[in-house]
Every structure is written in C-alpha cells, then in structure tokens.
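Chemist: I'd like to ask some things about the structure below.
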Amino acid sequence: DEVERHARERSIALLRTPMGMGFAPMRGSEVISPEEFAKLPEEERARVARDVEALQEELQAAMAQSPKWHREALSRLKELNHEVATLAVKHLIDELRERNHDLPEILEHLGRVQEDVVENVDAFRRPSEVPPALLERPGGDSPHLHRYQVNVLVDHSASRGAPIVYEPSPSYQNLVGRVEHMPAMGALLTDFTMIKPGALHHANGGYLLLDARKVLGQPYAWEGLKQALSAAEIRIESLGQAFSLVSTVSLEPQHIPLDVKVVLVDEPIVYYLLHALDPDFPELFKVVADFDDRMERGGDASLLYARFIATEARKRSLRPLERAAVARLIEQSARIAGDAERLTTLMRHVSDLLVESDHQAKLRGSARVEAVDVERAIEAAQRRAGRVRERFLEETVRGTLLVDTDGARVGQVNGLAVYQLGDATFGRPSRISARVSVGGGKVIDIEREVKLGGALHSKGVLILAGFLAARYGVERPLSLAGTLVFEQSYGGIDGDSASSAELYALLSALAELPIRQGMAVTGSVDQFGYVQAIGGVNEKVEGFFDLCAARGLTGTQGVLIPAANVKHLMLRRDVVVATESGAFRVHAVRHVDEGIELLTGVPAGAPDAAGAYPDGSVNRRVLDRLRGFAESRRLAAGPRNAGAETP
C-alpha cells in the first residue's frame, strides 16, 4: 500500500497482473497506453523511467520484508489464539485440578492436556480433512476429542477392602493385559484406548487366586507371572514383541508398579514338583498351606457337617433333609475318607450325592429327602460305574475266573485286590496258590520272574521269605523250593497287601493242611509275622461278599483283615446286615498264627521253653516237613556228605 501511494504521487500506477506486479504511467486517474507514452517528450519519458526504476527498487524491498511480516502476523495471531483458548480451557481444567489436588500424576497429566488443547486449537475450529475410514473410533468419538479420553483400566471406586480376584483362564494376556488393534483401510491401528487390563491389574493391591496347573498349561503364562512378581511391575507386552516375532510399531504402555499377593491352588504333587524343578518358585512363593482332605469325626464335627449339608441344600434350592438322611450322608463321607473316625473334606463328592438324593426324593414324590433316597443315590452311582465290577463278578460266578467259596484246598487261598477306574473303586477276589518241594531255600515269585510284579509286591514276597527263614531255619538252612503265583492274572500286580495271603498258602502247602475256601485274606506281613494295615479294606470285603452272596451265603464265609484296619471299616448296609445275622463274618487278626488257625481250623502252636512246637500244630507240621526236605537233600547229595549237615 505504501509503494502504491508513492507511485500515485509520481503519477504512476501499481498494477497487479497474473504475471506479477508492475508499474505504468498515468494521466490523471487513467493509465496511458504504450502508444500515447511513445508520443511523450523525451524528457518526460526519461523521468517516468527513473521513477519506475526507483519504485521497482522500493517494491522489491517491500516484498523482501513480506515473509517476515507474515511470520510476525501468524505468530501474533497464534499468541492471540493461545490466549483466547487458554481463557476458554483453563477454568475447566482448574475444576479438575481442584478435584484431584492430592494426585500429582493426574495434575501433571491435566497440565499436558491443557497445553495440547491450546496448541491444537485450530483442530477444533476447522473441519478435519482426515479420511472418513480413519475417523471411525470406538464409540463414534470425534478424532479431536478421542485423544483426550481417559482409558480406565481398573475401577475400584465401588469396592470395599482389598480386591480378591480369581482368574479362571490364566493365559499370558489375561494375566498381564494386552494392546488390541482395529482394522482400518487395510491396516491395523491402535491407540491408548485399546490397552486392556489383565488379572494382575484387577488384583493390584490385593489378592490374585490362580489354579497352578492352568497357569502351567498356558504358553508363557508362568514365565510372565514370575517376571511380573520378580520385577514388581506389570509390563503390557505382546508375545510377538517379547520374542521379536513381529516388527510392527506398536504402543509401549508405561510399566505399572505391582503390589499383589498371588495364591496358587492345586494338588500337593504340583507344589512338590515346582519346588523341586523351578528354582524361582521357592523365592516367589514362600508360604505353603497344605490342607488336609480329611477331618476328625468326633466332637462337633458331625454337627458342623450337618450345617454344611443344610447350607448346601439351601444354596442349591434342594428339598430339606430328614435327620436320618443327614446321618447317612455323614456315614458316606466317612466311607469316602476311608476311615470310620474321619470325614472327607472333598466336598464335591458330598454335594453331588446331595443333589442326586434330592432327585431320588423327587422321583418318590416326597417333599423331604430321607435316608432311603441317599441310599438309592449311592446305589445308582455304583450301578452306573459298575460295569467292569459286574463283569468280573459274572465271569467268576460262571466259573471262567476260578475262585472257590466253599470246601478246602491245600496251598490255595483267596486273596483280595482293589481296582480303581476313575471315581469307581471295587474289590475283586483272586486265587493265590503255592507249591513246595526240596530245594535251596528260595521262594520264587512267579509274577516277579515274568516282570508282572511291581516293586512293592516283590518286597512283600521277600519279607515273608525272611519270616520263614527266621522261624523255621534256625537249626538248619531251609531246604525249600517254593513258588507263588496269582492265578489267572494277565496284567501287572503291585502292592504288598497280599503278602499275608501268600504266606498262608505257603504254610498250607508245607503243613499239608487245607485252607477253607470260604475265607478270603488281605493284609501285609512283616518279618516277625505281624499283619499290617492295608488300603481299600471296605472294597475288598465287599468284593468277596458280593461273590459269596451271588453263590449263596452259607454262614461259614468271611474275610480276614488286619486288626489295624478295623477303624477303617465303613461297609455297605447289606454287608453290615449279613455280619449282624452271622451269614458273613469279618475277622480281625494281628499275627499270622491267628490267621492260619482260622483258615485251617488247626492251632498254630506256640514253642515251649526248648523251642519245640506242640504235636499236630501247624508250626510243628511245617517244621517236620522242612526237616524231611533237608534229609532228602542230604541223601541226594551222596555218600561224600553223608556225615555232614545239609547246607
């Protein structure tokens, strides 16, 4: 404008053309044409030329200052916009500052928000030129406002006390969190609002409960958990980034301080394996709580158990229970615990039985659950899982599997084994036989020789061999060759619970005394002849009872169990009724001498002061037979050793 004013004072016009700015002479207020300019006097044309040249220089100087003036204008305009924007935003931010005055990190964040809004105020004044596909945000937010959202990972405002979190699916991302992505125009986009929390975030400041086996079963979840606990911070990082499997640029969320108590729950074997195989485990998990799966039955335990049953019935909206039904459930709890003086704390079994008992009451049309409903529920569960047991029983009754339940046999006894298939456990009788002859004092376990016997079974046979040697081989070495076998066994055998039965079979074969086949035997034996406790005593007794009942109870049938197992007896109702009536008997023995008397009907015989056994006793007959073996072996050795004792 100033150059144009100077030009008019000299009768020269400043022209703006598509080619730029230029000057032209004027006459009055009109620009003269080139033809008219050419008609002017020489002096006039020279003056105009000098003025145009001076104005051109002045115009160039002005144009050189224009960018600077433009920058100054923009700067002043920006300052003005900042000032206006600050006035518009500051009072709103100040309200938030006042509400969060005791949280310095939030105050710092609000200061950055205010600065960002002021710096980008033009984005709110002008329409966005971002393609529509990129404008689509979760929730349909404006792209300018979206950046000022707050991504609340965890909200405990309504919580009372420390958080207690259980994570049913403890995968790596479910524990430490993740950054999600959104497809847009063929690409995957993300921002801070797509950061999702994990179980560690929810439990931070409190307690996190995890199933140890589930954590170990998830890829890298165990390592991620240990890393978070060791560093005392949560790092939200994808597995692809952690192992450099992807090179895509993504977010790196700030590490969050971690203060949490992690509780791992599982079976004891998992704890022992982790403690032995993972050196980090004892450092991170220092407190162990080993909960018993049984509780004492005495005192107030039955009352507490009854209250638990009532609570469980109310929770599941089941029918109320009669007193007898509650008592029957408590009896079954002791049966599950395998001890008449203990109750199981594995409540799943009791709860399932309670629901099934309620169903039986419903079928009867009863408004209450009675003892008969509990009994029917137990029988139904046994029937559903009893196919294998019934098949064994059927084949034994038909004579395919040879087990005698009457008469008497020399060197043959009924042993008892326990089979467990899932939740189903049942006992099955097996025939054990023994044969003896002159030999070198060795008892051969055929199961071990063919590698069907386990270590514990072989141990039991060696122990009974030690008993024989100590009792009958004091004066001279045993000249015995004995063989023991489980008849019709086609799989592996383990455990020492048949060692007393095997000893009875050997004693019967040596004494040539028949054993009553209406009796079955269970129990392990030590080197002094004492009968020791075994497991599964209820199932073993019931297994032989079922076979005897299927063939007809005679009143002479029964089972020999260790006296130490009497406290574990929780037999079925039909077995109890049969024993009360004398149709079936359960004998508790402490020593093999008691057992052999019951099985043969012949006194075992106790040694006198000189160590001699009474005539006709089992021990005297065994000793006489072994002496005969020794003499036979001495004679078989030939004249050379006739005067020497048989080795």
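Chemist: Might you tell me the accessible area per residue for region 232-343, computed with a 1.4 Å probe and given in Å²?
Modeler: That works out to 67 Å² for each residue.
Chemist: Pop out the carbon and sulfur fraction of the accessible area of the chain as a percent, whole number, probe 1.4 Å.
Modeler: 54 percent
Chemist: If r is the Cβ-Cβ distance from residue 37 to residue 65 and R0 is 30 Å, what FRET efficiency results, to the nearest 0.05?
Modeler: 0.45
Chemist: Something else now. Determine the per residue accessible area of region 370-424 with all protein chains present and a 1.4 angstrom probe, expressed in square angstrom.
Modeler: Dividing the accessible area of region 370-424 by its residue count gives 57 Å².
Chemist: Which of the peptides 80-90, 437-447, 536-546 is most tightly packed, and how do the rest follow, judged by the mean count of other Cβ atoms within 10 Å per residue?
Modeler: Working: 80-90: 13.5, 437-447: 16.7, 536-546: 25.0.
Ranking, from highest mean packing down: 536-546, 437-447, 80-90.
Chemist: Calculate one ³J(HN,Hα) per residue across region 341-358 by plugging θ = phi - 60° into the Karplus curve 6.51 cos²θ - 1.76 cosθ + 1.60, and present them in order as whole Hz with x for glycine and proline.
Modeler: Result, rounded to whole Hz: 9, 9, 10, 6, 9, 7, 5, 4, 5, 5, 5, 4, 5, 5, 5, 5, 5, 4.
Chemist: Once you order the gyration tensor axes a ≥ b ≥ c over the Cα atoms, which shape class does region 399-457 get: rounded for a/c under 1.5, otherwise prolate or oblate by comparing a/b with b/c? Could the numbers behind the result be given before it?
Modeler: On the way: a/c = 3.02, a/b = 1.32, b/c = 2.30.
Since a/c reaches 1.5 but b/c is at least a/b, the shape of region 399-457 is classed as oblate.
Chemist: Could you work out [θ]222 nm for the chain from helices alone, using -39500 (n - 2.57) per DSSP H run of at least four and dividing by all its residues? Round to the nearest 500 deg cm²/dmol. Don't skip to the end; give the middle numbers.
Modeler: Numbers: 26 runs with 304 residues, N = 647.
The helix-only estimate for the chain comes to -14500 deg cm²/dmol at 222 nm.
Chemist: Quick check: from the Cα gyration tensor, does region 495-558 come out rounded (a/c under 1.5), prolate or oblate? All intermediate terms of the calculation are to be shown ahead of the outcome.
Modeler: Values: a/c = 3.01, a/b = 1.28, b/c = 2.35.
In terms of gyration-tensor shape, oblate.
Chemist: Let me ask something else about it. Write out the trypsin sites (Lys or Arg not before Pro) in region 347-401 meeting two conditions: DSSP loop, and at most 10 other Cβ atoms within 10 Å of their Cβ.
Modeler: When the trypsin sites (Lys or Arg not before Pro) of region 347-401 are filtered for loop state and at most 10 Cβ neighbours within 10 Å, 398 remain.
Chemist: Amide H to amide H, which residues 5 or more places from residue 517 or on other chains are under 5 Å from it, using H placed in the peptide plane?
Modeler: Long-range HN contacts for residue 517: 407, 408, 409.
Chemist: While we're looking at this one, here's another question. Which of the residue pairs 362/567; 315/362; 68/90; 196/315; 442/540 have a Cα-Cα distance greater than 24 Å in the structure shown? Let's see the in-between values first.
Modeler: Details: 362/567 35 Å; 315/362 18 Å; 68/90 32 Å; 196/315 35 Å; 442/540 30 Å.
Long pairs (Cα-Cα over 24 Å): 362/567; 68/90; 196/315; 442/540.
Chemist: Which of rounded, prolate or oblate describes region 142-243 when judged by the alpha-carbon gyration tensor and an a/c cut-off of 1.5?
Modeler: It is oblate, given that a/c is not under 1.5 and a/b is not larger than b/c.
Chemist: Can you tell me the Rg and Dmax of the chain, counting just the alpha carbons, in angstroms?
Modeler: For the chain, the Cα-based Rg and Dmax read 48.9, 174 Å.
Chemist: FRET efficiency for residue 380 and residue 159, Cβ-Cβ distance as r, R0 = 56 Å, nearest 0.05?
Modeler: On the way: r = 45 Å, r/R0 = 0.80.
That gives a FRET efficiency of 0.80.
Chemist: Can you give me the long-range amide H partners of residue 532? Hydrogens built in the peptide plane at 1.01 Å from N, cutoff under 5 Å, separation of 5 or more residues or another chain.
Modeler: The list, which skips near neighbours in sequence, is 524, 525, 526.
Chemist: Same structure, new question: Under 5 Å between amide H atoms, partner at least 5 residues away or on a different chain: which partners does residue 386 have, H built in plane at 1.01 Å?
Modeler: Residues meeting the criterion, in which the H sits 1.01 Å from N, do not exist here.
Chemist: Still on this model: Trypsin sites (Lys or Arg not before Pro), restricted to region 267-314: which are DSSP loop and have at most 13 other Cβ atoms within 10 Å?
Modeler: Of the trypsin sites (Lys or Arg not before Pro), the ones in loops of region 267-314 whose Cβ has at most 13 other Cβ atoms within 10 Å are 286.
Chemist: So if I place +1 on the C-beta of Lys and Arg and -1 on the C-beta of Asp and Glu, and nothing else carries charge, what would the dipole magnitude of the chain be about its Cα centre? I want it in debye, nearest 20.
Modeler: 3440 debye
Chemist: Here's another thing I want to ask about it. Go through region 66-81 residue by residue and turn each phi into a ³J(HN,Hα) via Karplus (6.51, -1.76, 1.60, θ = phi - 60°); whole Hz please, and just put x for glycine and proline.
Modeler: 4, x, 5, 4, 5, 5, 4, 5, 5, 5, 5, 5, 5, 4, 5, 4
Chemist: Turning to a different aspect of this structure: What ³J(HN,Hα) values, in whole Hz, does the Karplus curve 6.51 cos²θ - 1.76 cosθ + 1.60 give for region 608-618 when θ = phi - 60°, with x put for Gly and Pro?
Modeler: Per residue, the Karplus-derived 3J(HN,Hα) values read 7, 5, 8, x, 8, 8, x, 4, x, 6, 4 Hz.
Chemist: Using a 1.4 angstrom probe, figure out how much accessible area region 482-637 has per residue, in square angstrom, rounded to the nearest whole.
Modeler: Values: 6130 Å² over 156 residues.
Dividing the accessible area of region 482-637 by its residue count gives 39 Å².
Chemist: Separate question: If R0 is 22 Å, what FRET efficiency do you get for residue 286 and residue 232 from their C-beta distance, rounded to 0.05?
Modeler: 0.90
Chemist: Another question, then. Could you compute the net charge surrounding residue 270? Neighbours are other residues with a C-beta less than 14 Å from the C-beta of residue 270; K and R count +1, D and E count -1.
Modeler: It works out to a net charge of -3.
The values are calculated or read from the model by the stated rules, or taken from the named source; none is laboratory data. All of these numbers come straight from a predicted model, not from anything done at the bench. All Cβ positions, even for glycine, are placed from backbone atoms using ideal geometry, and neighbour counts span all protein chains on display. When the accessible area is computed, the model is the full protein with side chains, heavy atoms only, and any ligands, DNA or RNA have been set aside. Shrake-Rupley method; radii C 1.70, N 1.55, O 1.52, S 1.80 Å.
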